[in-house]
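The values are calculated or read from the model by the stated rules, or taken from the named source; none is laboratory data. This structure is a prediction, so every number in the text was calculated from the model and none was measured. Ideal geometry is used to build each Cβ from the backbone, glycine not excepted, and the neighbour counts take in all protein chains shown. What goes into the accessible areas is simple: the full protein's heavy atoms, side chains included, and nothing from ligands, DNA or RNA. Shrake-Rupley method; radii C 1.70, N 1.55, O 1.52, S 1.80 Å.
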Amino acid sequence: MNIHVNGVNYHVEVIGSGEPLLLLHGFTGDSTTWNAVVQCLNKRYQCILIDILGHGKTECPKDPERYQIELVAHDIKDILFQLKINKIKVLGYSMGGRLALTFATCFPDMVSMLLLESASPGLKTEEARIERRHQDERLAKRIIEEGIESFVDYWSDIPLFKTQKRLDIAMIEQIRWQRLQNNPLGLANSLIGMGTGSMPSLWRKLSTLEMPVYLITGSLDEKFCLIAKEMQKWIPNARHETILDAGHAIHVEDSQKFGTIIEEFLSNK
């Protein structure tokens, strides 16, 4: 379905029945990237799947400022209100994890549980944020100038996703096909407006989170394992789970194991 909020049409899927669970995908993804996980969860949970601004079937505004992560968090709040949901569990992966964390800090009363897969609270220093913004701006320019296919081939080959090369060919082709469905303008503007360098650092807000927070990382993704360990020190009610022999996108590399772990977390009141 389409839900219109704040001047933008969002593509939203509602699957299953039970307690509501919001799932937020990563950069270059869309709601379909959760399909295998939803199969594990939709008998007990009403899964709310949103194509994040600039991705999938959701609109792609021309102004990068519209993609600011706090504005998108407000969009999500308004989408949930239209669905008559006032309290929800939230699962976010990578970029979607940063958005989930932003949503939880903006609207803590709406989040009963937060599950973050390979996510970060942003960068700690302004110097690091400036450097990252420059990198993201260059990458955004590359997407527009070279086109979506060239970018997807480049993106699939970055070290962060090297463990996905172990997947079978059909799965690799499916991931590539899905990424190619995105609008290059939407991806470019997401990098500029919602990138790690553009978002406000949330490190100092971690201690304000009162809901249970589950941090999930793959053991082969050393950078995000270290980030999660540090996040755990700051969050009052946090648990960190490391999945052996998995990389950055655990839900893609081993969806059955990931779905089982998520279901265990969700049932832990």
Study note, to complete from the structure: Using a 1.4 Å probe on heavy atoms of the protein chains only, the accessible area for Arg138 in Å², nearest 10, reads 150 Å²
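For the chain, what relative contact order do you get, as a whole percent, if you take Cα pairs closer than 8 Å and at least 6 residues apart?
Numbers: 523 pairs, mean separation 56.1, N = 269.
Averaging sequence separation for qualifying contacts and normalising by length gives 21 percent for the chain.
Over 23 Å, how big is the tail of the calculated P(r) for the stretch 53-197, in percent of all Cα pairs? Kindly include the intermediate steps, with their values, before the conclusion.
Working: 4333 of 10440 pairs.
The proportion of pairs with Cα distances above 23 Å equals 42 percent.
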Check your understanding: In terms of modelled amide H atoms, which long-range or inter-chain residues lie less than 5 Å from the amide H of Leu115?
Key -> Val90, Leu91, Gly92, Tyr214
Study note, to complete from the structure: Projected convex hull area of the stretch 136-269, Cα atoms, direction-averaged, in nm², equals 9.2 nm²
Check your understanding: Share of Cα-Cα pairs in the stretch 7-83 beyond 17 Å, in percent?
Key -> 44 percent
Practice item. Find the centroid of the Cα atoms in the stretch 211-256 and in the stretch 100-142, then give the distance between the two in whole Å. Key: 16 Å
Check your understanding: Looking at the square roots a ≥ b ≥ c of the eigenvalues of the Cα gyration tensor of the chain, which shape do they give, rounded for a/c under 1.5, prolate if a/b is larger than b/c, or oblate?
Key -> rounded
**Study point:** 14 Å beta-carbon shell around Gly193, net charge (K/R +1, D/E -1)
**Key:** -1
**Study point:** Three-way shape label, the stretch 115-188, alpha-carbon gyration tensor, a/c 1.5
**Key:** oblate
Point to revise | Partners for Lys229 among aspartates and glutamates (Cα-Cα distance below 16 Å; same-chain residues under 8 apart left out) | key: Glu117, Asp221, Glu241
Check your understanding: Under a GNM of the chain (C-alpha, springs under 10 Å), which listed residue has the highest mean-square fluctuation: Asp153, Asp30, Asp75?
Key -> Asp153
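Going down the table (Lys89/Lys162; Lys57/Lys84; Lys205/Lys257; Lys57/Lys141; Lys165/Lys205), which pairs top 28 Å between alpha carbons?
Values: Lys89/Lys162 30 Å; Lys57/Lys84 22 Å; Lys205/Lys257 31 Å; Lys57/Lys141 22 Å; Lys165/Lys205 36 Å.
In this structure, Lys89/Lys162; Lys205/Lys257; Lys165/Lys205 exceed 28 Å between Cα atoms.
Under the rule a/c < 1.5 gives rounded, and otherwise a/b versus b/c splits prolate from oblate, where does the stretch 222-269 land using the Cα gyration tensor? Could the numbers behind the result be given before it?
On the way: a/c = 3.18, a/b = 1.16, b/c = 2.74.
Cα axes put the stretch 222-269 in the oblate bin.
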Check your understanding: In the stretch 1-119, what % of DSSP beta bridges are antiparallel (nearest 5)?
Key -> 35 percent
Practice item. Only Lys, Arg, Asp and Glu count, each charged at its Cβ (+1, +1, -1, -1), so figure out the dipole size of the chain about its Cα centre, rounded to 20 debye. Key: 540 debye
